[in-house]
Each structure stands twice: as C-alpha cells, then as structure tokens.
Protein chains: 2
Amino acid sequence: MTTALLTDMYELTMLDAAIADGTVSRRAVFETFSRRLPAGRRFGMVGGTGRLLDLLRDFRFDEADLRFLRDHRIVSEATAAHLADFRFTGTITALPEGEVYWPHTPVLTVHGTFGEALILETVVLSVLNHDSAVASAAARMVIAAQGRPLIEMGSRRVHERAAVAAARAAYVAGFATTSNLEAGRSFGVPVAGTAAHASVLARPSEREAFAAQVAQSGPDTTILVDTYDIAEGIRTAIDVAGTGLRAIRLDSGDLLVESRKARDLLDSLGAPDTKVSVTSDLDEYLIEELQGAPIDIYGVGTRVATGSGAATAGMVYKLVAIEGADGSMRSVAKKSTSKTSTGGDKTVSRFEDGREVWTLDGTVPDGATGVHETLVDHGDFLAQDRAGTERARQRAAAAIAALPPRAAKIAHGEAFRTSEEWEQA
Amino acid sequence: MTTALLTDMYELTMLDAAIADGTVSRRAVFETFSRRLPAGRRFGMVGGTGRLLDLLRDFRFDEADLRFLRDHRIVSEATAAHLADFRFTGTITALPEGEVYWPHTPVLTVHGTFGEALILETVVLSVLNHDSAVASAAARMVIAAQGRPLIEMGSRRVHERAAVAAARAAYVAGFATTSNLEAGRSFGVPVAGTAAHASVLARPSEREAFAAQVAQSGPDTTILVDTYDIAEGIRTAIDVAGTGLRAIRLDSGDLLVESRKARDLLDSLGAPDTKVSVTSDLDEYLIEELQGAPIDIYGVGTRVATGSGAATAGMVYKLVAIEGADGSMRSVAKKSTSKTSTGGDKTVSRFEDGREVWTLDGTVPDGATGVHETLVDHGDFLAQDRAGTERARQRAAAAIAALPPRAAKIAHGEAFRTSEEWEQA
C-alpha cells in the first residue's frame, strides 16, 4: 500500500493547475517550522523524521490510487499520467530526530521542483506534528523523572497506529520501555508489562491471581496490588512471590502517600529491593510533584501519548523560495498579520551555548555548526537503520543534557530562544 | 498484516497465566465505558465501532507475530500455540456508532471466554477512544454551525493514519466533507479542497495564481484571497473567475470582521452568490461566536482532528462478570476510591426522553428500547457496508436532533445524564 493518498486533496488540485501553467517544474524550497510552542513550553523536540523517511519512500501513486483520483475527477488525465511516474528527485534536510527546536526554527527543508515538494506537505506534517508532539511531552517527563525509568503505556488511549508511533517517539525522548508490542517489532523499542485488575478480578481471590502470575513469570515480575486493599495486597504479593519480588504497582489513590506507605511496608516485610512502580494519569507535573516519593518506576499512559495537552506540534509547511522566469530564486512569505513566517532558503547553525543563527547564503558562521542533516539527496533516500530510532534516542539524551537550566524546567515559561532573539544576535 | 500486535504486552502475559491456571476458558463479560466526559462536555458520541469490526476480523496471530512473541520470550510455547489458533468466538454488542453516550454508559460489551475477551482490550479501546474523541468534538461543531457545512481538514496536524479515521469520525458526526483523500477511498467520505498560499506565492502575482486555478477548475472553485491584501484579493478573484465564482476563502485575521467586509465587497462586485468560507483554528466556540457572520462554509482542522482539547474519550475496558468454579456468573468490580465502576452484565435501554436504564437480568423495561446492537454473534462478524459509515452518519444526525436543548449547548455544563440519575430513576 502506498502512502500517496494520505494527502489533502488540494495538494493535487494545486498540482493540476501547476502542471497546466508550467509552475510544476520551477525550483522551490519548502520549510517546516512551528510558529509557537504549546503554551508554557520551553522547548520542542523533533520526532518522526526517521519514520517519515520510510513513508516518503512509499509515496508513489499505484493503479488503485490513480483509479480513485480519476473516478472522482480530482485531477486531469495529464496530472494522472504525471503522478503515475512520480518519484521524488529533490533533497530533504532536517534537524536530527531527537534534537530540540524553538519557535520558527526550520525543522525540515525540502528542495525540489514546486510540484514534487508541494504534494509531500500533508504526510510530512502529519508525521512530524504527531511524533514531535509526543517527543516534546515525553522529553519533559524524562527531565521530571530525574533518571528514574518511565514506561510508555498510552496505546489504548489513542488511534491504534498512532499508538505505535507514540511509543517510538517516547522512546526516542528517553522513555525506557513501552507496552506496545508492535512498537517492539517495528522499531525495536523494548517492551514491558505488568498485569491488570482483570487478572485479579477473574480469580476467586487476589492470592490465586498473584500465584498464577508468579507461576508463569517467577518473582521477576510486577504485581498490581490495589484491586482491593493495598496493604493487604502487598502482604499477599510478598507472601506469594517472596522478598525477591521485582516490583509492586499502584494505580490509584494519592500516589505520594500510598508510595510511602508501600515502601515502608515492603521494607518491614524484608523486601527492601522490591521496587515501587506507579501509574494513574501521570504527566510531567505529577512526576515532578512525586520527586520526593520513594518511587522507582513511572508508567505514563494518556498524557504522553496525547502530547500532555498539546496533541499536535502545530508545524506548518511553507513555500519560502521559488524560481522565477529568469531562473533566479526569490524568497517568498505570506503577508498576514496573525501568521508570520520568514521567507528564504535558510541554513540553520547553532553555537555551543545553544544560540541559533540562520543565513540565506548557505554559510555557517565562525564558531557555529550547521545542524541540518541530509535525509534525501537528489532523490537518493539515505539508509536508516531501523528508522534510526537508537541514534535519535542518543541525540535526544545529548540534547536534553545540553539544555540550559532555564530551558529544562517543567514549570511554564517562555520558549528558551525565540526567532526574534536570533535575529538580534 | 494482522492487528494482533496493536496490543499491550500485559494482555498476553496475563493470557499466559490464565492458560496455565485454566482461567482462560471461564466465561467472562468485559465492558467499555467512560467514567467521565471531558470537562464541560454535555454528551459524548460513539465513533469507531464500524472501523473496529474490520480490525477485529484481522486480529489473528500469523507466523511473523508469533516469531516476535517467541523471540522476545513474551509468552510460553503453550500460549504461542494457543495464539496460532486464535479466533474470537464470542459476542460483541455496542451502542450504534453515531449514538450519544453519558458517563458510565456501557458503550460496548464483549461476551466470551476470559482469554479471548481479555486480549482484545487494547485495540478495542484505541479505536473507540480515538474515533469517539473526534466524533464527540465534531458533533458539537455541527451543532454550533447550525446547518452550515463543515469541511474537515485536520489531517496534517495528526498521525497520518489517525487522520483517516478522524476524517471518517467527523463525517459520521455530520461534517459535510474532508480534505483527506484516503478517507475518501477507504470509507467513501466526500472529499473537498481549495488552494493554499503556496499556490499564490509560487506565481509572480496573485492574478496569475487565480488564473491558473480557474483555468483548471472553472469558476466552480474556492479561491484563497488573503495571501496579500484581502480586498484586493477578492477583486482579483471576481475579475478572473467572474461573478459565478463558487467561493472565496479567508484564513487569517478577525473572521467576524473580515467575513462581513468580504460579503459586502462581493455583493458590491455583483457576486451575491459567491460564498464566503473561513478557516483558521476554528473550533465549536469560535464557530458559535461567528453564528451572526455572513459565513457559508467552515473549514476545521486541528481542533476537530485532536478532539477539541480532548484527544481521547478516556474509555476503559473492564471485567464486569466472570464464571465461577460452579459455572455461575459473578459480578465483579475494582474497589478503588478514585476509579469507580459498576459490576455486572448490563442490558442498556433508553426511554424516548433519553433516560437510560441498565438491568442485570437481560430485561428491557416497559416503554424503553434496548440500545445495543450486535456486531459479532458467537464469532460471526456481521456484515458492514463500507464500515457502516453512512448508517452511522444517519444515526448521529438523529441523535443530535433528539438531544434535549440543555444537552445541545456549546457552553460548558454538566453531562446531560449521569449514571447516578439513572440509578435514581
């Protein structure tokens, strides 16, 4: 199955008009960026570029795609013939996945003909907006957790395929594992799991449920102890699994209070090495509140998979330069009061202190480093090892470590750097 | 490709334990419901059941699935053998797609063995939580639009496959069209489109861009007039397309002010039939504010595809009854202070005034009607015509029309009916 119809209709009707008047073959530059970060966020994290590359490889129009377009008279015969031979021949550069971005940072740039770059808009934005929304939220949770491992377990709250991408994006940002099996298979994300209340409720007693679980997994498992009475559940868990039990899980109540009681009880039962894991609508704010609690593992569901209140990164894909009739490139930008953008084919560089500079002449200022990497070079898709997931994860860890303290705060604040600041720099 | 690994790992480790101790074959009832609606919402709308049915048909474990599970030692050999033969043999009933629900309304009920019902949890919830979140938000926008057509155009803001499901859910709720081509192909949703700023910016002048568009589409098209100066754009659009132009689109600025100016200008240019369509971060609140404006068509993107601030419907899937050793069914529910649920295999009925009643003995009270329909009958998947999209859309229109005035308000309020009220009734 191709990815070609994961596209807004107007991309193809615009292509139709561009084929008719010859604009289709003009050289063009499109840029992806966010005008602003979600309210209170101090940085964004790029997610999805590795995954995007595979989708762009499959961006071809097969017979079934073309039949739909013809049957619904969406494009002319000339355009259908053009699409039948479609193959992206341009160049795509982007911030490495896992890197941080600010408002107006050029995140991904497409150089190509107007026609070929235009029609990638929807799929580029879908992937980057979703995966960056999750990575950006997940990165804040990773910061709040201060080194304690996080399990992503939001699959059931979001679209079944978005769930797989969300698990990958959270892992890129620094989550330790996911509950999503397909993310394990497709992207090599380590998978983890415990047990649900159904497992307890299905048996005549909690003891029988715990015994069934331990019989299968041994004591290297996590037992959910809050179906009935938590203290009783913990005593039964240790009684059944022994003091070598890996972990207990709490999924309700005041987690600050309950985790302290659980820790004390486990210690008094001679199980000081049994870990306390907690779940239940956690997000970066709750994780920060729980920093002083004796919690070893956080399980995060809804809030990470839905971007912690910002389900989309709000990136846009804008034409910033186009070839004129004389063959020269001209910078373009919409002149709207409420939606600003900056024209021009930008080279993005950063200094070691994080300052970002754009140039329009392709140069990198002294002491700075160009930060875009090439994903597609004149139509050649560069090799990715399993969507580059591990590499992106390493980049994210380095990017988080390099954040200045005021950007790494969970409390709401201003974006670390705005484009205005760069322009003054 | 199967859908079997779109599943949380713990479903399969719990299955593993259930196979070992025999719980796997106990008869069980699982129920899907929301404990609460998103803040301020007065009703929820069921989305996704038609789409779910196709995914459940493909919920089989093929060789590749089993290899992943074996390689990662997620399940025992006995469980892998069990999964190789997996075929759902139970019964699934649900509220019809497009119907409204309240907190704690049993939306979908699975009767089957504990094992077969247990492992459907993740995929059932993913589909219902996503599609119902979009349908619920979309239904409010449909109410706010008071009969004016809405175009769904949020694909670029969300995961590329979630976008297709979101377009379908918005259409079910009453949107007129979508920009998403794959939703057109997969589900028969009518597709629509206009043009983007890139189309204007790519040409030397707005006039040339409009001329290229009209040359392809004729005057039966929508011209985007706000790239530079709106009044100038409208004059050029009518000049190029004639007074028979279908519509102009505004995508920035104060839409109340700009739509009035645009309407007046179009009228003064002799184009009273040219429609005014508006886009730009619309949601149900803005649409309601614009009710007095001379607007003919609303295009809604981000806010409908992300559930207007509630990206998930928050549904859960809970064991409510299980067969005991004596063969009798026993009602079960978790005893937690913060997460209430009600045990028992419920028959859901409604009276004409909307009141909802549950019974545990399978009866429907006099004067009420049972509202669940059967999707899967003892393993037989009932036929769906194109995922039942048109049927669901008709149901949604009827459900919205039947909402009492206080439930059909956009302003924040209480859910129309709560389970407490039902229990008192």
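The values are calculated or read from the model by the stated rules, or taken from the named source; none is laboratory data. These numbers come from a predicted model, not from an experiment. Every residue, glycine among them, receives a Cβ derived from its backbone with ideal geometry; neighbour counts consider all protein chains shown. SASA here: full protein model, heavy atoms, side chains in, ligands and nucleic acids out. Shrake-Rupley method; radii C 1.70, N 1.55, O 1.52, S 1.80 Å.
With the charge dipole of the protein assembly as shown set up from +1 on Lys and Arg Cβ and -1 on Asp and Glu Cβ about the Cα centre, the Cα lying farthest toward the positive end among the listed residues B:G299, A:L128, A:A211 is that of B:G299. Per the Kirkwood formula applied to alpha carbons, the protein assembly as shown shows a radius of gyration over Rh ratio, Rg over Rh, of 0.98.
Pick out the long, greasy-scoring helices in chain A: whole DSSP H runs spanning 15 Å or more along their own axis by Cα, mean Kyte-Doolittle at least -0.5.
Passing helices, by number: A:9-21, A:121-145, A:162-173, A:206-217, A:230-241, A:255-268, A:389-402.
Per residue of B:126-137, other chain Cβ atoms within 10 Å of the residue Cβ number 4 on average.
Under a Gaussian network description of chain B, with springs only between Cα atoms under 10 Å, the residue in B:A80, B:A135, B:A94 that fluctuates furthest is B:A80. Peptides A:18-29, B:99-110 ordered by packing proxy, namely the average of other Cβ atoms within 10 Å per residue, highest first: B:99-110, A:18-29. Between A:R35 and A:D21, the modelled label-to-label distance comes to 2.5 nm, taking each label 7 Å out from Cα in the direction of the beta carbon. Subtracting the Cα-Cα distance of B:D58 and B:D71 from 0.36 nm times their residue separation leaves 2.5 nm of extension gain. Eigen-decomposition of the gyration tensor built on the alpha-carbon atoms of segment B:353-401 gives equivalent ellipsoid semi-axes of 24, 19, 6 angstrom, largest listed first.
Under the definition of Cα pairs under 8 Å and six or more residues apart, what whole-number percent is the relative contact order of segment A:19-94?
Numbers: 23 pairs, mean separation 20.5, N = 76.
Relative contact order of segment A:19-94: 27 percent.
Between A:Q394 and B:M1, the C-beta separation translates, for a Förster distance of 35 Å, into a calculated FRET efficiency of about 0.75. If R0 is 51 Å, the Cβ-Cβ spacing of B:A402 and B:A325 corresponds to a FRET efficiency of close to 0.65. Applying 0.36 nm per residue to the separation of B:Y285 and B:T89 and subtracting their alpha-carbon distance, the gain on full extension is 66.1 nm.
Legend: translational diffusion of chain A by Stokes-Einstein, Rh = Kirkwood radius over C-alpha pairs, 10 °C, 1.306 mPa s; D = 67 µm²/s. A:P219 label point (Cα plus 7 Å toward Cβ) to equivalent points in the other copies: 8.4 nm, shortest first.
When only alpha carbons are used to place a centre, segment B:79-133 and segment A:356-381 end up 49 Å from one another.
Taking 8 Å as the Cα distance limit and 6 or more residues as the minimum spacing, I'd like the relative contact order of chain B as a percentage. Let's see the in-between values first.
On the way: 874 pairs, mean separation 103.2, N = 425.
Rounded, it is 24 percent for chain B.
How big is the gap, in Å, between the Cα center of segment A:260-310 and the Cα center of segment B:184-263? Here the two parts' Cα centres lie 53 Å apart.
So for segment A:146-305, averaging the separation of alpha carbon pairs under 8 Å that are six or more residues apart and normalising by length, what relative contact order in percent results?
Details: 284 pairs, mean separation 40.6, N = 160.
It rounds to 25 percent for segment A:146-305.
Extension gain for the segment A:A383 to A:D220, taken as residue separation times 0.36 nm less the Cα-Cα distance, is 54.9 nm to one decimal.
Where only DSSP H runs of four or more residues are counted, chain B gives -11000 deg cm²/dmol as its mean residue ellipticity at 222 nm, each run worth -39500 (n - 2.57). A:R67 label point (Cα plus 7 Å toward Cβ) to equivalent points in the other copies: 3.1 nm, shortest first. At a cut-off of 20 Å², which residues of segment B:280-309 become less accessible once all protein chains are present than in their chain alone, using a 1.4 Å probe? Buried-area filter returns B:T306.
Taking the DSSP bridge list for chain B and keeping only pairs wholly inside it, about 70 percent are antiparallel.
Remark: label point of B:G270 defined 7 Å out from Cα along the Cα-Cβ vector; separations to the same position in other copies 9.8 nm, ascending.
Output the antiparallel fraction of DSSP beta bridges having both residues in the protein assembly as shown, as a percent to the nearest 5. Each step should come with its number before you reach the end.
Working: 68 of 98 bridges.
Beta bridges within the protein assembly as shown, antiparallel portion: roughly 70 percent.
Taken about its Cα centre, chain A carries a charge dipole of about 380 debye when Lys and Arg each add +1 at the Cβ and Asp and Glu each add -1 at the Cβ. From the largest down, segment A:146-305 spans 40, 33, 23 angstrom on the principal axes of its Cα atoms.
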